[in-house]
1. Quick one: PHE79 ticks every box in (1) closer than 30 Å to GLU3 by Cα; (2) open to solvent by 80 Å² or more (accessible area, probe 1.4 Å); (3) at pLDDT 90 or above except a single one, so which number is it?
2. Return the residues of the stretch 2-15 that are in contact with a Cys (Cβ under 8 Å, 6 or more places away or on another chain) and either loosely packed, with under 11 Cβ neighbours inside 10 Å or charged (D, E, K, R) (or both); say none if nothing qualifies.
3. Give the number of residues within the stretch 17-59 that are within 30 Å of CYS6 (Cβ to Cβ) and open to solvent by 100 Å² or more (accessible area, probe 1.4 Å).
Amino acid sequence: VAEVFCQTDVNSTENLITVPSIEVFVKDYNRLVEMCSDGAMRSFCFQRLQMLSSAFKMHVTANGTVENEAQSNLLGTDFYRTM
């Protein structure tokens, strides 16, 4: 469970996130399990992920060298160099 408070009001005790009750959580969880168990939904999602994966691989094949070159020209902005 996460609690998020307003940064500007240090003395505030009002949580910015509403934590659902256990009944609401269980109801939502059961609905999610029901959707994941649906065969048609699983087939659609699998086919969609396969299509997106091949589109990404095509993008990497076509634009990988250009992106690597552009990334290497950005000196000093690498995450590991800032640590």
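The values are calculated or read from the model by the stated rules, or taken from the named source; none is laboratory data. Predicted model only: the values in this text are computed from it and were never measured. Don't worry about glycine lacking a Cβ; one is built from the backbone with ideal geometry, like all the others, and counts go over all protein chains shown. Only protein heavy atoms, including side chains, enter the accessible area calculation; ligands, DNA and RNA are left aside. Shrake-Rupley method; radii C 1.70, N 1.55, O 1.52, S 1.80 Å.
1. It is condition (3) that PHE79 fails.
2. The first filter runs over the stretch 2-15 and keeps only residues in contact with a Cys (Cβ under 8 Å, 6 or more places away or on another chain), leaving 12, 14.
Answer for the stretch 2-15, where residues must be in contact with a Cys (Cβ under 8 Å, 6 or more places away or on another chain) and either loosely packed, with under 11 Cβ neighbours inside 10 Å or charged (D, E, K, R) (or both): just GLU14.
3. Of the residues in the stretch 17-59, 6 are within 30 Å of CYS6 (Cβ to Cβ) and open to solvent by 100 Å² or more (accessible area, probe 1.4 Å).
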